[in-house]
Amino acid sequence: MALEASKLVIPFTGELFIAPAGTTMPADHAAVLPAAWVGCGYTTEDGPTFGVDTSVVGIRAWQSRSEIRRVLESIDHSVSMQLLQWSAHNLRLAFGGGTVSTISAGKFKFVFPKDTDALPEFAAILQFQDGSKVYRLCYQRVTPADGGETTLSSTEPGSLDLSLAAMTPTDGETAYLLTNDPAFSTGS
């Protein structure tokens, strides 16, 4: 492979979009997202991270001191970030559920999820852009993965830790990337 600076990805902007589980996923990188997809707003300057964690098991046999075969035991997809914008939507997402109610005009109450509440499921799209290249990392089915913590400081905005884990959908792929990046064309 030749050294090509044009194949670097430096995402200068992007956003996480969340929709109810089962919402139709976009057909390509440019399809307009329907109203069901809600943006989560600003994140800390570190930006989001996503990953694929695989676990491989080695099989041994009496006849060999080395592994004779390796099999994939599990594969886990995840995305995480720190959300800067506080809203009922983002609190429920970051803390794995909860409810918001109106106490009176302009007064609200957020109740954290109970230990008996079912873990909510969502669809997620992490969209980011580098110049004219657009990338959409799509997850058909995710749940909050880990409870986060929030630090409140007098000099920095409070952020909401968010970690999502992908699960296998009933139909389609667990995770996939849509893009218009020419580096992905066949033969590149």
Worksheet, complete the sentence: Descending packing, highest mean Cβ count within 10 Å first, for 22-34, 139-151 is 139-151, 22-34
Practice prompt. Identify all aspartates and glutamates with a Cα-Cα distance to K114 below 18 Å; exclude those on the same chain that are fewer than 8 residues away in sequence.
Written response: D146, E149
Worksheet item: What whole-number value in Å² describes the accessible area per residue of the stretch 66-188 for a 1.4 Å probe?
Response: 60 Å²
Worksheet item: In a solvent-free Debye calculation with one equal scatterer on each Cα, what is log10 I(q)/I(0) for the stretch 1-104 at q = 0.11, 0.14, 0.21 Å⁻¹, listed in the order of the q values?
Response: -0.63, -0.85, -1.27
Practice prompt. Show which lysines lie in cross-link reach of K133 when reach means a straight Cα distance below 29 angstrom and same-chain residues fewer than eight apart are skipped.
Written response: K7
Worksheet item: Roughly how many whole Å is it from the C-alpha centroid of the stretch 114-188 to that of the stretch 6-55?
Response: 6 Å
Worksheet entry | Entry for Kirkwood radius over Cα pairs in Å (calculated from the structure that is shown) out of [x] 19.0; [y] 17.8; [z] 21.0 | [x]
Discussion item. At 1.4 Å probe size, with the rest of the protein present, what percent of the exposed accessible area of the chain is carbon and sulfur atoms?
Written reply: 54 percent
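The values are calculated or read from the model by the stated rules, or taken from the named source; none is laboratory data. Because the structure is a prediction, the values reported are computed rather than measured. Note that each Cβ is placed from the backbone with ideal geometry, even for glycine, and that neighbours are counted across all protein chains shown. Ligands, DNA and RNA are excluded from the accessible area calculation, which covers all protein heavy atoms including side chains. Shrake-Rupley method; radii C 1.70, N 1.55, O 1.52, S 1.80 Å.
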